[in-house]
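One structure is given here, and the rest of the page talks about it.
The numbers here are math on the coordinates, done by the rules we state, and not lab data. Here the structure is a predicted model, which means the values were calculated and not measured. Positions of Cβ are backbone-derived with ideal geometry, glycine not excepted, and every protein chain shown enters the neighbour counts.
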Amino acid sequence: MKERLQKILSMYGIASRRHSEELIQASKVTVNGIVASLGSLADPDVDEIAVDGIRLQKKPENVYIMLNKPSGYITSLSDEKGRRTVLSLLSDLPDRVYPVGRLDYNSEGLLLMTNDGGLAYRLTHPKHNVEKTYIAAVSGDLKQAIPLLSSEMLIDGYRIQPAKVKEISTTLKGGIVSITIHEGRNRQIRKMCEQNGLAVLKLKRISIGNLKLNNLPVGKWRYLTEDEIAYLHFISQKTGY
């Protein structure tokens, strides 16, 4: 069955859909010897699809892992500035995977990675509203900020949904707070805090839905269990989670 080329590359673990589109636009993908264009359709069972001259082989088995991302790594497959990427933490993983969503450079914690492009696409689609919980160490007047963080607010012109906020500890200069959000927009929690007088000193994602980081060491990864994989497929099919 013919499908969009970027979807096929994603399903075969070549790259995320977004990166696959970039490969196509860079004229690095051919179908039956002809350079493909964005929007091209192909059937991997019939057509000869190649990336940089290397033909797609048999579709690999799906791989799903959880990584405890350290601060100081970017959630990308490569970086033009030469910064360390999360792929450098997976040298002992025999399979090629890519991130599901993002954690910014200075944030750490739970990051899902897979070569299942369909699942990755569904999980990151805004309609699924998968809850993500973070622990933030902040400076500023936390007591005053918590009610504001729990309310609707405008971030970059977008009205975000109210967050679930729980105080863990406070000091005279700040404290530690748990924040659960649905959207996961670019640097959302940092911007929420800044807008309400708090500076984020450390930010760590500890869960995505029911998947929890628990005691996975920083910089290490593990395969997801069958139950965890089934759960991700379940929530990715739902709307309004």
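A few comments on the model shown:
- Each stretch of four or more DSSP H residues adds -39500 (n - 2.57); spread over every residue of the chain, this sum gives -6000 deg cm²/dmol at 222 nm.
- Cβ-derived FRET efficiency at R0 30 Å, Arg222 paired with Lys164, nearest 0.05: 0.65
- Subset of Lys132/Lys164; Lys132/Lys173; Lys132/Lys191 violating a 19 Å alpha-carbon distance limit: Lys132/Lys173
- Extension gain, Asn32-Glu194: 0.36 nm per intervening residue step, less the Cα-Cα distance, totals 53.1 nm.
- The mean sequence separation of alpha-carbon pairs under 8 Å and at least six residues apart, normalised by the residue count of the range 3-55, gives a relative contact order of 35 percent.
- Computed over the chain: relative contact order in percent, which uses C-alpha pairs under 8 Å that are six or more apart: 21
- Most tightly packed first, judged by the mean number of other beta-carbon atoms within 10 Å of their residues, the peptides 183-194, 161-172 read 183-194, 161-172.
- Restricting the calculation to Cα atoms, the range 3-55 shows an Rg/Rh of 0.89 when the hydrodynamic-style radius is the Kirkwood one.
- Sequence-separation-based contact order of the range 1-94, relative, with Cα cut under 8 Å and 6+ spacing, percent: 21
- The range 202-207 - phi-based ³J(HN,Hα) in whole Hz, Karplus 6.51/-1.76/1.60, Gly and Pro as x: 8, 9, 9, 8, 10, 7
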